[in-house]
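So the structure is just underneath, and the comments pick up after that.
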């Protein structure tokens with residue numbers, strides 16, 4: 001009876017955590033949507049939200065097999081897509097209610113969706129929506145599913161999983177490689193393939209909206225990290241506490257650097273620091289004491305702030321900073337494992353500064369380099385292939401007028417009585433304005 005009650009308690013926590021993670025999708029939509037210019041807010045939010053629909057389909061059809069199925073050809077590179085097609089016979093109920101198989105399928109769907117949604121940062125305001133609809137399933141299939149197999153598929157009796165976690169032996173608690181480095185580097189590659197926006201200096205259209213979205217993301221992170229312990233247990237408690245501490249410390253690390261280099265502390269900087277700290281603790285949450293988690297947050301927030309202070313000098317237009325926050329933040333969090341992971345934490349990993357074996361250094365560095373190189377190269381090739389077929393970027397008039405009125409026939413903040421199709425407030429005046437601007441010196445005034 002005690003075992004059955006424990007199984008039910010674990011499943012109850014996991015299902016509750018699942019709902020937290022689900023909120024991260026609309027949370028990211030609000031966060032990204034608030035930070036872009038006012039003519040592209042709905043396009044940006046649509047890019048984020050539609051990833052969930054696409055991911056649901058491809059994951060159920062073949063994605064779960066590629067991530068969690070036995071490795072194909074004994075190579076540890078990708079699971080067999082033929083396994084678990086349509087999720088197999090998992091609808092059978094043994095009556096105990098303790099099985100978590102279906103839960104893990106849903107959990108992996110959300111992890112995949114949030115990863116590809118982060119990549120949208122590199123495409124804001126200039127990518128064809130049709131190209132994005134093609135990019136998402138191709139990227140999931142060729143990039144995310146293999147990398148997730150490398151990291152999440154652990155060997156078991158009669159089951160061979162991915163090579164990074166089993167053969168090299170990296171420690172990645174909840175996706176610093178498969179989720180954060182992967183998405184951050186992919187956003188960088190997509191931004192390079194697209195080129196910079198013509199209206200790059202746009203102001204965020206709604207900072208309070210972005211702050212609300214970031215707060216929802218932080219809430220969801222407790223489910224994101226807390227669910228990876230597999231149930232309601234001591235590790236979950238440690239991880240949730242460390243998630244709180246790293247996010248809070250990330251605010252301070254970012255704010256300190258921002259104040260030192262820029263002379264002020266911004267509200268967006270505060271939220272960016274929190275997310276940087278959360279990204280940093282994702283791979284290291286079960287390796288840290290509370291003091292260690294504070295160190296992770298401060299380090300991630302400060303390093304991300306330092307990287308972003310050079311953004312104006314960079315020619316790469318990763319519009320919403322996914323590479324800095326998720327790519328660099330994920331690398332910092334992984335390096336913190338190398339440096340000060342504590343063997344008193346649940347994972348039992350010890351960093352070199354606390355007397356750990358130097359072997360941990362090359363293992364984690366291998367995970368970083370392999371993940372980043374694979375994600376960057378494949379993402380860039382996918383983007384270029386789409387560009388050569390259906391085209392990757394919208395035309396100049398559409399981009400200058402904004403994608404909300406021209407692509408979606410919508411406006412985030414005003415709906416004229418005559419409608420949005422082509423009346424006084426619709427897409428036509430925006431396109432006319434774009435033509436007028438392009439007929440002059442090619443510049444436009446940035447407005448929210």
Mind checking the full-extension length gain between residue 310 and residue 60? Use 0.36 nm per residue of separation minus the Cα-Cα distance, one decimal, nm. 85.8 nm
Once you keep just the Cα pairs under 8 angstrom separated by 6 or more residues, what percentage relative contact order results for the chain? 21 percent
Proxy reagent accessibility, fewest Cβ within 10 Å first, across 202, 410: 410, 202
FRET efficiency, residue 212 to residue 74 (Cβ-Cβ, R0 35 Å, nearest 0.05): 0.15
Fewest-first ranking of 372, 336, using other Cβ atoms within 10 Å as the exposure measure: 372, 336
With the crude spin-label approximation of a point 7 Å out along Cα→Cβ, what separation in nm comes out for residue 362 versus residue 410? 5.2 nm
Listing 382, 116 from the residue with the fewest other Cβ atoms within 10 Å to the one with the most, what is the order? 382, 116
Whole angstrom only: what separates the Cα centroid of segment 359-391 from the Cα centroid of segment 231-298? 26 Å
Tell me, in nm to one decimal, what length is gained between residue 353 and residue 23 on full extension, where the rule is 0.36 nm per residue of separation less the Cα-Cα distance? 115.1 nm
Cα centroids of segment 313-328 and segment 136-188: how far apart, whole angstrom? 22 Å
Modelled label-to-label distance, residue 129 and residue 16, 7 Å Cα→beta-carbon offset: nm? 3.9 nm
Rounded to 0.05, the calculated FRET efficiency for the beta carbons of residue 233 and residue 168 at R₀ = 22 Å is 0.25
Hey, can you rank 151-163, 244-256 by average C-beta count inside 10 Å, highest first? 244-256, 151-163
Hey, what number do you get for the chain at 222 nm if only DSSP H runs of n ≥ 4 count, each worth -39500 (n - 2.57), divided across all residues, to the nearest 500? -19000 deg cm²/dmol
Output row, site residue 291, 7 Å Cα→C-beta label point, backbone N cut-off 17 Å, window segment 352-376, residues 352-356
Once the Cβ-Cβ distance between residue 85 and residue 219 is put in as r, and R0 is 35 Å, what FRET efficiency do you end up with, to the nearest 0.05? 0.55
Residue 159 label point, 7 Å along Cα→Cβ, cut-off 17 Å on backbone N: hits in segment 38-81? 63-81
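Read the figures in this text as sums done on the coordinates, not as results from a lab. Keep in mind the model is a prediction, meaning the values are calculated, not measured. Every residue, glycine among them, receives a Cβ derived from its backbone with ideal geometry; neighbour counts consider all protein chains shown.
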